[in-house]
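A.B. asks: One structure, as structure tokens, below. Some questions next.
Throughout, read-outs are computed from the coordinates displayed, never taken from laboratory work. Here the structure is a predicted model, which is why all the values come from computation and not from measurement. Cβ coordinates were reconstructed from backbone atoms using ideal geometry, including for glycine residues, and neighbour counts include every protein chain displayed.
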Amino acid sequence: MIRTGVELGLAELRRTLRRAWSSAATLVVLSMLTLTLAGLADALERDSTGVLRSLDADVVVFNEEARLQLLRSRVPAPLGVSLGWLEGVARAGTIGLFPTSLATGSEQTRITIVGYNARTPAEPTNVVAGRLPVDGEPRIAAADVRLRSRGLELGDTVVLAGDREVEIVGFVEDTLFLQQPTVWVPPHLWAEVRASAFPEAGFAEMLAGATVVRTAVGADPAEVAATIEAELADLDADDVALDDVDDLDGFAVDAVAMPRALDAIPGVDVQRNTFTVIVALAVAVVGVVVGLLFTLLVSERRPVLATLRALGAPPKVLVTALLTQVVALWAVATVGGTAVTLVLAEVVPEAMPLAVRPGLVAWIAVALLAASVAGAAFALRRVARLDPAVVMQEDPE
Amino acid sequence: MSAHVPDESGAVVRAQGCTKIYGDGHAEVTAVSEVDLSIGRGELVALVGPSGSGKSTLLSMLGALLTPTTGRVFVEAVDVGVLNERERTALRARRIGFVFQASGLVPFLTAQENVAAVGSFAGMPRGDIDRRTRQLLGQLGLAERTDHLPEALSGGERQRVSIARALLADPPVLLADEPTAHLDHERGEQVIRLLADAVHDGTRAGLVVTHDPAVAAHADRVVHITDGRLDPTG
């Protein structure tokens, strides 16, 4: 019976091609719109959070006064070593961010410089070319691969922060911070750049931005974060041998699991919430359009459907026929919408972030299918409850 | 209550004291009142009456499309009133062939697919459906028209496809509602002859609702209905 329903549904689509294509075209446009919005939201969020997502870490420890802001946070560099002894902590390292500029020839690009401890969870994991600098290496850096579009290549020498020449020895991928490309350098170089920008703060080699922690296998990051906060409740600079970090006496830390640290990056949660509402509305519009299309179809086909019921077609055959059409239109809309969005992603200017990841397409496809079926529910219900005696009152032709 | 009731009258389809009332209170309308009607195998009955006399309501009750308000309908000794909706649907698919006023063909299915669809509803094997569909369409002079959509067929051809569809599952009951209403005299004659032949071969009982005396002339018995009641002098 299911097969009969599928055959009926496909036959109607095949033999009413003009209607099918116009419905499909409408849904392709809506699907493309939904996917584009979702792709923009996804790219904006990923381009804000890449710097933390690229780490193999699941807890971030900030200075409490920084209110979870990476750029404001200052922690003692040896904190990473200290945390290594705590229960639930597998490894720890420090990371520090600072917004500055990178010059290639005459072109200046705004970037975020990232000082990190090599071979710790503070190291970016997605190296796509060359290698990463290691601690203590002089004038060496790895850059986000997006800087290749500005002409940067392996082995190039660039000028960081106006006066520091560094050689690019590697490229990393998906490490943007607040839409800016990052350049990854040893901690010493990061401290130098920061000190040159804030000469009054002095050169603090033993200072870092935040500590990132990879938890032990099976440990709950939230619990580990709570343990870290409790252990470091009243940290004194002497406890971590900070001879040259006078301003950190008596500071406390905020330790949070990685998802919360990502959400705390400026704009991320607001962007996500805003786009979630917009994408949800777009998905709902798809549901409404599918609902209207199929309600009209069922109204128009009522005499035919009643005839089939009178001839002994069980409701499930007719519901299957309608569902087949819903699914077929959804499939065309999803494939067509994805194809158009992929083309769009290739032609939009680089400044407009639009990424169409397979996972995102899958999510949107599932959401559109659910919306389509939900939208068609009213029409499906009408078909399931159709009184076959209607056939005696209406002229099917 | 068992759906099977032994019927010593030999009737294939039988209405016993059937009344159908629509609406309630002041809006109550009695469409059919206390009707008794039996049709045996090989018998074609013409149900004749003016518009609004209850012809279609009676046909709908005999065809398990409507349940009577009071009274019972039997199809091959099965009491239709005790069946649930699913069982009535199965009964229609397997035991009742319908021919409607305007053929009622599905506009997006070819002639062959229109006929074959009913076989699927009746649970016939695919091979049997294909064989019998070709056979019936051939017998009805439609062998060259099997792949045509209804819009490409004439009114007479559409009604012949409709007859093939009604006969596919070899039902013991054939019900036709004004089957010649949209046809000219010649094509109407052809259609009613086909229906009569399908009944007179002795395999089924037939009821044809009509107001056309030429159609009624092909029936073995003519029953008149007025204001929902059968005319005893009929």
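A.B. asks: Evaluate peptide B:83-93: per residue, the Cβ atoms of other protein chains within 10 Å of its Cβ; return the mean as an integer.
C.D. replies: 3
A.B. asks: How big is the stretch A:25-104 by the Kirkwood estimate over distinct Cα pairs, in Å?
C.D. replies: 16.1
A.B. asks: Also, I was wondering about something else. Compute the projected area of the convex hull of the Cα atoms of chain B, averaged over all viewing directions, and report it in nm² to one decimal place.
C.D. replies: Spelled out: convex hull of the Cα atoms, projected over all directions, averaged, 13.2 nm².
A.B. asks: Which of these, A:Arg382, A:Arg15, A:Arg148, has the largest mean-square fluctuation under a Gaussian network model of chain A (Cα springs below 10 Å)?
C.D. replies: In this elastic network of chain A, the residue with the biggest mean-square fluctuation among A:Arg382, A:Arg15, A:Arg148 is A:Arg15.
A.B. asks: Continuing with this model, one more query. What net charge is computed for the residues neighbouring A:Ser54, neighbours being all others with C-beta under 11 Å from the C-beta of A:Ser54, Lys and Arg scored +1, Asp and Glu -1?
C.D. replies: Local charge sum for A:Ser54: -3.
A.B. asks: To continue, here is another question. Rounded to the nearest 5, what is the percent of antiparallel bridges among the DSSP beta bridges in the protein assembly as shown?
C.D. replies: Around 70 percent antiparallel, to the nearest 5.
A.B. asks: Calculate I(q)/I(0) for the stretch A:278-397 by the Debye formula, one identical point scatterer on each C-alpha and no solvent, and give its log10 at q = 0.13 Å⁻¹ to two decimals.
C.D. replies: -0.60
A.B. asks: Find the relative contact order for chain A and round it to a whole percent, using C-alpha pairs within less than 8 Å whose residues are 6+ positions apart.
C.D. replies: 27
A.B. asks: If you take each beta carbon of peptide A:299-309 and count the beta carbons of other chains within 10 angstrom, what is the mean?
C.D. replies: 3
A.B. asks: GNM, chain A, Cα, under 10 Å: largest mean-square fluctuation among A:Ser73, A:Ser372, A:Ser22?
C.D. replies: Of A:Ser73, A:Ser372, A:Ser22, the most mobile in the Gaussian network model is A:Ser22.
A.B. asks: While we're on this one: Sort A:134-146, B:126-138, B:104-116 for me by packing, meaning the mean count of neighbouring Cβ atoms within 10 Å per residue, highest on top.
C.D. replies: Highest mean packing first, the order is B:104-116, A:134-146, B:126-138.
A.B. asks: Something else about it: Can you tell me the dipole magnitude for the stretch A:68-263 around its Cα centre, using point charges on the Cβ only (Lys, Arg +1; Asp, Glu -1), in Debye to the nearest 20?
C.D. replies: Dipole size: approximately 980 debye.
A.B. asks: Next question. Hey, can you grab everything whose amide H is under 5 Å from the amide H of A:Asn126? Only 5+ residues off in sequence or another chain; H modelled, so Pro and N-termini drop out.
C.D. replies: Distant-sequence amide H within range of A:Asn126: A:Glu173.
A.B. asks: Against the longest principal axis of chain A, how steep is helix A:17-53, in degrees 0 to 90 to the nearest 10, with axes from Cα atoms?
C.D. replies: The answer is roughly 10 degrees.
A.B. asks: Residue-wise, which Karplus ³J(HN,Hα) couplings in Hz belong to the stretch A:171-178, taking 6.51 cos²θ - 1.76 cosθ + 1.60, θ = phi - 60°, and x for glycine or proline?
C.D. replies: Going residue by residue, I get 10, 10, 10, 6, 10, 5, 10, 6 Hz, with x marking Gly and Pro.
A.B. asks: A follow-up question, please. Which distance in Å, rounded to a whole number, links the C-alpha centroids of the stretch A:318-381 and the stretch A:157-201?
C.D. replies: Using only Cα atoms to place each centre, the spacing works out to 42 Å.
A.B. asks: Turning to a different aspect of this structure: Given an 8 Å cut-off on Cα distances and at least 6 residues of separation, report the relative contact order of the stretch A:68-263 as a percent.
C.D. replies: 28
A.B. asks: So what J values fall out for the stretch A:81-90 if you push phi through Karplus, 6.51 cos²θ - 1.76 cosθ + 1.60 with θ = phi - 60°, rounded to Hz, Gly and Pro as x?
C.D. replies: For the stretch A:81-90, the Karplus-derived couplings read 5, 4, 5, x, 8, 6, 5, x, 9, 8 Hz, x marking Gly and Pro.
A.B. asks: Could you give each residue of the stretch A:70-78 its phi-based ³J(HN,Hα) in whole Hz, using Karplus coefficients 6.51, -1.76, 1.60 with θ = phi - 60°, and x for Gly or Pro?
C.D. replies: 4, 6, 8, 6, 9, 10, x, 4, x
A.B. asks: Pick out, from A:Val327, A:Leu160, A:Val193, the residue whose Cα sits farthest towards the positive end of the charge dipole of chain A, with +1 on the Cβ of Lys and Arg and -1 on the Cβ of Asp and Glu.
C.D. replies: In chain A, that residue is A:Val327.
A.B. asks: A follow-up question, please. Please compute the average number of Cβ atoms from other chains found within 10 Å of each residue's Cβ in peptide B:65-78.
C.D. replies: 1
A.B. asks: Students often check this: by mean Cβ neighbours within 10 Å, which of B:192-203, B:90-101 ranks highest, and how do the rest follow?
C.D. replies: Descending mean neighbour count gives B:90-101, B:192-203.
A.B. asks: Mind jotting down the three principal axis lengths of the protein assembly as shown based on Cα atoms? Whole angstrom, largest first.
C.D. replies: Extents along the principal axes: 121, 50, 45 Å.
A.B. asks: May I ask for the net charge around A:Arg214, where only other residues with Cβ less than 11 Å from the Cβ of A:Arg214 are counted and Lys, Arg are +1 while Asp, Glu are -1?
C.D. replies: It works out to a net charge of -2.
A.B. asks: Two decimals, Cα atoms only, Kirkwood Rh: what is Rg/Rh over the stretch A:68-263?
C.D. replies: Reported Rg/Rh (Cα atoms, Kirkwood Rh): 0.97.
A.B. asks: Let me have the 222 nm mean residue ellipticity of chain B computed from DSSP H runs of 4+ only, each contributing -39500 (n - 2.57), with the sum over all residues rounded to the nearest 500.
C.D. replies: -10000 deg cm²/dmol
A.B. asks: Within 10 Å, Cβ to Cβ, of A:Ala225, how many net charges do the neighbouring residues add up to if Lys/Arg are +1 and Asp/Glu are -1?
C.D. replies: -4
A.B. asks: Chymotrypsin sites (Phe, Trp or Tyr not before Pro) within the stretch A:84-172: which are DSSP loop residues with at most 16 other Cβ atoms inside 10 Å?
C.D. replies: Sites meeting the loop and neighbour criteria: A:Trp85.
A.B. asks: While we're here: Among A:Gln180, A:Ala216, A:Phe98, which residue has its Cα furthest toward the positive end of the charge dipole of the stretch A:68-263, with +1 on Lys/Arg Cβ and -1 on Asp/Glu Cβ?
C.D. replies: After comparing all options, I get A:Gln180.
A.B. asks: Sticking with this structure for a sec: List the residues whose amide H sits under 5 Å from the amide H of A:Asn63, counting only those 5 or more places along or on another chain, with H placed 1.01 Å from N in the peptide plane.
C.D. replies: A:Arg74, A:Asp254
A.B. asks: Would you calculate a helix-derived [θ] at 222 nm for chain A, using -39,500 (n - 2.57) for each DSSP H run of n ≥ 4 and dividing by the full residue count, to the nearest 500?
C.D. replies: About -16000 deg cm²/dmol.
A.B. asks: Let me know the charge dipole size of the protein assembly as shown about its Cα centre in debye, to the nearest 20, where only the beta-carbon of Lys, Arg (+1) and Asp, Glu (-1) is charged.
C.D. replies: Here the size comes out at about 3660 debye.
A.B. asks: Could you tell me the center-to-center distance, by alpha carbons, between the stretch A:32-61 and the stretch B:51-82 in angstrom?
C.D. replies: 66
A.B. asks: Lys/Arg Cβ at +1, Asp/Glu Cβ at -1, dipole of chain A taken about the Cα centre: which of A:Ser149, A:Gly130, A:Gly312 is farthest positive-ward?
C.D. replies: With unit charges placed on the Cβ atoms, the residue in question is A:Gly312.
A.B. asks: Between helix A:315-347 and chain A, what is the angle of the helix's C-alpha long axis to the longest principal axis, kept within 0 to 90° and rounded to the nearest 10?
C.D. replies: Once rounded, one gets 40 degrees.
A.B. asks: Turning to a different aspect of this structure: Would you calculate the convex hull of the Cα atoms in the stretch B:1-132 and tell me its volume per residue in Å³?
C.D. replies: That works out to 155 Å³ per residue.
A.B. asks: Ranked highest first by the average count of other Cβ atoms within 10 Å around their residues, in what order do B:18-27, A:253-262, A:218-227 fall?
C.D. replies: For the peptides B:18-27, A:253-262, A:218-227, the packing ranking is A:253-262, A:218-227, B:18-27.
A.B. asks: Any chance you could check the Cα centroid distance between the stretch B:181-197 and the stretch B:159-180 for me, in angstrom?
C.D. replies: Computed from Cα coordinates, the inter-centre distance equals 12 Å.
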